[in-house]
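Below is one structure, written out as structure tokens; comments come after it.
The values are calculated or read from the model by the stated rules, or taken from the named source; none is laboratory data. Values in this document were obtained by computation on a predicted structure and should not be read as measured data. Cβ sites come from the backbone with ideal geometry, for glycine too, and all protein chains shown count toward neighbours. In case anyone asks, the SASA skips ligands and DNA or RNA and just uses the protein heavy atoms, side chains included. Shrake-Rupley method; radii C 1.70, N 1.55, O 1.52, S 1.80 Å.
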Amino acid sequence: MADHVEPPFTAVSSPGRLVLGGRIDERSRLTDLAGAIASGPLTIDLSDVCYINSLGVRDWVTFLRRLAHQQVTITLERCAEVMVLQMNMIVDARGDARIASFFAPFACDACGWEGASLVVTDQVQALIAAGHTPEDDCPDCGARARFADFVDRYFLFLNATA
């Protein structure tokens, strides 16, 4: 039986956009990456991040701070659940970034499917603020899938300010 190996850190950049993936840890060199980014708006796609450790969080926070110092306006989109969990525990893991979308855990009672679905912040912010949870269609059977975590805990990062 083969051991599960997390993919290495990847960063794909184009003007105004950065896609990060794999493991964010002490080998990621995020702080070096910050120096190569020009001022202005930057959208960072975090959907392919599969792991982040404490040293990775430290480097991520430093990365966000350097970008802010360089006058980069950051929008985070498609935030992986591992990043949402860090932003919920450590306010600086969000920095001053705007959260456009994120993945959240859902479950379908009809067929038993469990997985992550993309949630667009602007479409659910009022619902979440009222203490309600978003719903989504189950990708397997089409029934309504329910949010599968605690609304008062999972969405804390949306209200956090650095």
Item to complete: Output the number of residues of segment 46-67 satisfying the condition of being assigned to a helix (DSSP H, G or I) and either in contact (Cβ under 8 Å) with a residue 60 or more places away in the chain or of a type in the set (Gly, Ala, Ser) (or both).
Response: 2
Worksheet item: Pick from segment 54-71 the residues that are among the aliphatic types (A, V, I, L, M) and over 15 Å from the mean Cα position of the chain (by Cα): which of them is surrounded by the most Cβ atoms within 10 Å (Cβ to Cβ)?
Response: Leu67
Fill in: All positions within segment 101-127 that are exposed (fewer than 15 other Cβ atoms within 10 Å of the Cβ) and in contact with an Asp or Glu (Cβ under 7 Å, 6 or more places away or on another chain)
Cys111
Worksheet item: What are the residues in segment 101-122 that are aromatic (Phe, Trp, Tyr) and in a loop (DSSP other than H, G, I, E, B), if any?
Response: Trp113
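Determine, yes or no, whether Asp48 is open to solvent by 60 Å² or more (accessible area, probe 1.4 Å) and under 22 Å from Leu118 (Cα atoms).
Numbers: open to solvent by 60 Å² or more (accessible area, probe 1.4 Å): yes; under 22 Å from Leu118 (Cα atoms): yes.
Against the criterion (open to solvent by 60 Å² or more (accessible area, probe 1.4 Å) and under 22 Å from Leu118 (Cα atoms)), Asp48 qualifies.
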Practice prompt. Would you point out which residue out of Thr75, Thr31, Thr43 is in a helix (DSSP H, G or I), touching a Ser or Thr at 6+ places or on another chain (Cβ under 9 Å), surrounded by 14 or more Cβ atoms within 10 Å (Cβ to Cβ) and β-branched (Val, Ile, Thr)?
Written response: Thr31
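With the requirement that a residue be outside any helix (DSSP H, G or I) and either touching a Ser or Thr at 6+ places or on another chain (Cβ under 7 Å) or open to solvent by 40 Å² or more (accessible area, probe 1.4 Å) (or both), what does segment 80-100 give you?
We begin by selecting, within segment 80-100, every residue outside any helix (DSSP H, G or I); these are 80, 90, 94-100.
Those that are outside any helix (DSSP H, G or I) and either touching a Ser or Thr at 6+ places or on another chain (Cβ under 7 Å) or open to solvent by 40 Å² or more (accessible area, probe 1.4 Å) (or both): Ala80, Ile90, Asp96, Ala97, Arg98, Ile99, Ala100.
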Item to complete: Taking the residues in segment 128-160 that are out of contact with any helix residue (DSSP H, G or I) (no Cβ under 9 Å at 6 or more places or on another chain) and not in a loop (DSSP other than H, G, I, E, B) as candidates, determine which candidate is least open to solvent (accessible area, probe 1.4 Å).
Response: Ala145
